[in-house]
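First up is the structure itself, then whatever we jot down about it.
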Amino acid sequence: ILGFSTPPGRLSMMAFILNALTCALGLLYFIRRGKQCLDFTVTVHFFHLLGCWIYNSRFPSTLTWWLVHVVCTALMAAIGEYLCMRIELREIPLNSAPKSSV
C-alpha cells in the first residue's frame, strides 16, 4: 500500500512520518537521555518489523517500505536526541537556598 502513486499510499507514508514525530516527543517524556534515544528508536522499529513479518507471514521486501522506515527511524532518533539534549543542557541553578531577610 505504500507508494507515491496512490492517495492511500501517500496518506500511509504521511502517517508514518507523523508517528515518528510524535514518538520523538515520547522519547523526550519517557527516555530523557540523548544517548539512549537511538537505542530505543531502533528497538521500537525492530519490534515493528517483527510484527509486520508475523502479521503478513512474509518478510517485508518492498523498497518503499524500507525507505519509509529508514527515514522514520532517522527522524525519530534525530528529533528525539535534539529534544533530550535541550533538556540535558539546561543551566543548573546553583543558588537554590532561600534568601533570609535580616
Among (1) loosely packed, with under 11 Cβ neighbours inside 10 Å; (2) in a loop (DSSP other than H, G, I, E, B), the one test that Tyr29 misses = (2)
Being of a type in the set (A, V, I, L, M, F, W, C), closer than 18 Å to Ala20 by Cβ and open to solvent by less than 60 Å² (accessible area, probe 1.4 Å) narrows it down to one of Leu38, Leu75, so name that one.
-> Leu75
Yes or no: Leu83 at pLDDT 90 or above and in contact with an Asp or Glu (Cβ under 8 Å, 6 or more places away or on another chain)?
-> no
Some residue of region 43-62 being surrounded by 10 or more Cβ atoms within 10 Å (Cβ to Cβ), charged (D, E, K, R) and modelled with pLDDT of 90 or more | no
Being open to solvent by 90 Å² or more (accessible area, probe 1.4 Å) and of a type outside the set (A, V, I, L, M) is the filter here, so list the residues in region 7-26 that pass it.
-> Arg10
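The values are calculated or read from the model by the stated rules, or taken from the named source; none is laboratory data. Small disclaimer: the values here were computed from a predicted structure and weren't measured. Cβ coordinates were reconstructed from backbone atoms using ideal geometry, including for glycine residues, and neighbour counts include every protein chain displayed. Ligands, DNA and RNA are stripped out before the accessible areas are found, and what is left, the full protein with its side chains, is counted by its heavy atoms. Shrake-Rupley method; radii C 1.70, N 1.55, O 1.52, S 1.80 Å.
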